Amino acid sequence: MKLLRVGEVGNEIPAALDDKGIIRDLSDQINDFSAESLNFDNLNNLKKLDLKNLKEIDENIRVGSCVKKPGNFFAIGLNYKAHAEETGAEAPKLPVVFNKSVHCLVGPNDNVVIPKNSEKLDHEVEIAMVIGKKAKRVKREDAQDFVFGYCICNDISERDWQKDKGGQWVKGKSGDTFGPLGPYLVTKDEIKDLNNLNLSLDVNGNRHQTGNTNLMIFDFNYLIEHLSSFITLMPGDIITTGTPPGVGLGMDPPQFLKDGDMMNLKVDYLGEQKSKVIKEI
């Protein structure tokens, strides 16, 4: 299934995309896509529905973040060798784990805001996993049993805050609007091969990032095994899994996002994001 949340900010309702690309209202079937409802019992019930019998929603409606305020928003750094190299770092021997604030989540086509004190705003196209049941010390071969679905994440990063202001990365990764997520939360059965997904990001129609999940240093299953050996993962938790090369920081000279830029992100099976960059008023 391709699940989404639609409506004005703060008033989104759950929905699904039917096989003809029509958005269908799920608000009579499930309250929302949140930590309380993202479980496999609810998913199995949704899969039994005949979506064409549900209320149709206008295709022009705003699309929100496909997950409502998760308990945790984990991220993996430097998970593509070429990206590590372009930033001047060595490829890690173990996953680089950090947090993003859950409050940075926005819809896939919402504006990305350059904060007033920002100097080096950057983009990162990524694939995020959403957990569907409690996961603690999970074995790699069982990892997918704990994944509810996958979605696109743009891990917006303020490089000056991240690298030059001391401390951990979280402050450079957590500004308002730094987490466009969606459009769809796509269930595993919709994806042919997790280890062969193409990712791309364009700025103003020019290709900046291109990658494929077969180039990840640590694959999806290993990341769940690794994280769950230290941290109990809960339903609704998001793990965004790293970005391929082509970020602004890695260009010569560096090219950071500016007012009026348009970003277009695509990932096989997961859809497309289109975001405008604007200055904070």
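Considering 97, 138, the condition of being of a type in the set (Val, Ile, Thr), in a strand (DSSP E or B) and out of contact with any strand residue (DSSP E or B) (no Cβ under 6 Å at 6 or more places or on another chain) is satisfied by 97 alone. Does residue 172 qualify as being within 22 Å of residue 2 (Cβ to Cβ), touching a strand residue (DSSP E or B) at 6+ places or on another chain (Cβ under 6 Å) and not β-branched (Val, Ile, Thr)? No; evaluated as a whole, the condition is false for this residue.
Residues of the range 104-123 that are outside any helix (DSSP H, G or I) and either closer than 14 Å to residue 73 by Cβ or touching a helix residue (DSSP H, G or I) at 6+ places or on another chain (Cβ under 7 Å) (or both): 105, 106, 119, 120, 122, 123.
Residue under question is residue 219, and the condition is that it be within 30 Å of residue 140 (Cβ to Cβ) and without any contact (Cβ under 8 Å) to a residue 60 or more places away in the chain; does it hold? Against the criterion (within 30 Å of residue 140 (Cβ to Cβ) and without any contact (Cβ under 8 Å) to a residue 60 or more places away in the chain), residue 219 qualifies. Exactly one residue out of 84, 89, 143 is under 20 Å from the mean Cα position of the chain (by Cα), on the phi < 0 side of the Ramachandran plot, modelled with pLDDT under 95 and not polar (S, T, N, Q): that is 84. Which of the residues that make up the range 19-35 are surrounded by 18 or more Cβ atoms within 10 Å (Cβ to Cβ) and either among the basic types (Lys, Arg) or over 24 Å from residue 129 (Cβ atoms) (or both)? 24 - this is the single residue of the range 19-35 that is surrounded by 18 or more Cβ atoms within 10 Å (Cβ to Cβ) and either among the basic types (Lys, Arg) or over 24 Å from residue 129 (Cβ atoms) (or both). Restricting to the range 146-169, and then to whatever is over 30 Å from residue 41 (Cβ atoms) and of a type in the set (Gly, Ala, Ser), can you tell me which residue is surrounded by the most Cβ atoms within 10 Å (Cβ to Cβ)? Going through the qualifying residues, I end up with 157.
Before we move on, is residue 143 farther than 22 Å from residue 265 by Cα, in contact (Cβ under 8 Å) with a residue 24 or more places away in the chain, in contact with an Asp or Glu (Cβ under 8 Å, 6 or more places away or on another chain) and surrounded by 15 or more Cβ atoms within 10 Å (Cβ to Cβ)? Spelling it out, residue 143 is indeed farther than 22 Å from residue 265 by Cα, in contact (Cβ under 8 Å) with a residue 24 or more places away in the chain, in contact with an Asp or Glu (Cβ under 8 Å, 6 or more places away or on another chain) and surrounded by 15 or more Cβ atoms within 10 Å (Cβ to Cβ).
Among the residues of the range 95-113 satisfying the criterion of being more than 27 Å from residue 81 (Cβ to Cβ) and polar (S, T, N, Q), which is farthest from the chain's Cα centre (by Cα)? Once the filter is applied, the top-ranked residue is 111.
Residue 16 fulfils the conditions (1) touching a strand residue (DSSP E or B) at 6+ places or on another chain (Cβ under 8 Å); (2) among the small types (Gly, Ala, Ser); (3) touching a residue at least 60 places away in the same chain (Cβ under 8 Å) except for a single criterion, (3). Meeting the requirement of 1 or more residues that are of a type in the set (A, V, I, L, M, F, W, C), the strands (runs of 3 or more DSSP E) wholly within the range 177-281 are 185-187, 198-203, 238-240, 262-267, 271-279. Of the residues making up the range 36-89, those that are part of a loop (DSSP other than H, G, I, E, B), surrounded by fewer than 20 Cβ atoms within 10 Å (Cβ to Cβ) and not charged (D, E, K, R) number 12.
Among the residues of the range 218-231, are any within 14 Å of the chain's Cα centre (by Cα) and of a type in the set (S, T, N, Q)? There is no residue in the range 218-231 that is within 14 Å of the chain's Cα centre (by Cα) and of a type in the set (S, T, N, Q).
Could you tell me how many of the residues in the range 68-79 are of a type outside the set (A, V, I, L, M), in contact with a helix residue (DSSP H, G or I) (Cβ under 6 Å, 6 or more places away or on another chain) and modelled with pLDDT of 95 or more? Matching residues across the range 68-79 total 2. Residues in the range 24-52 that are among the hydrophobic types (A, V, I, L, M, F, W, C) and over 26 Å from residue 103 (Cα atoms): 46, 49, 51.
The values are calculated or read from the model by the stated rules, or taken from the named source; none is laboratory data. Being a predicted model, the structure only gives us computed values, none of them experimental. Please note: Cβ atoms are built from the backbone with ideal geometry, for glycine as well, and neighbour counts cover all protein chains shown.
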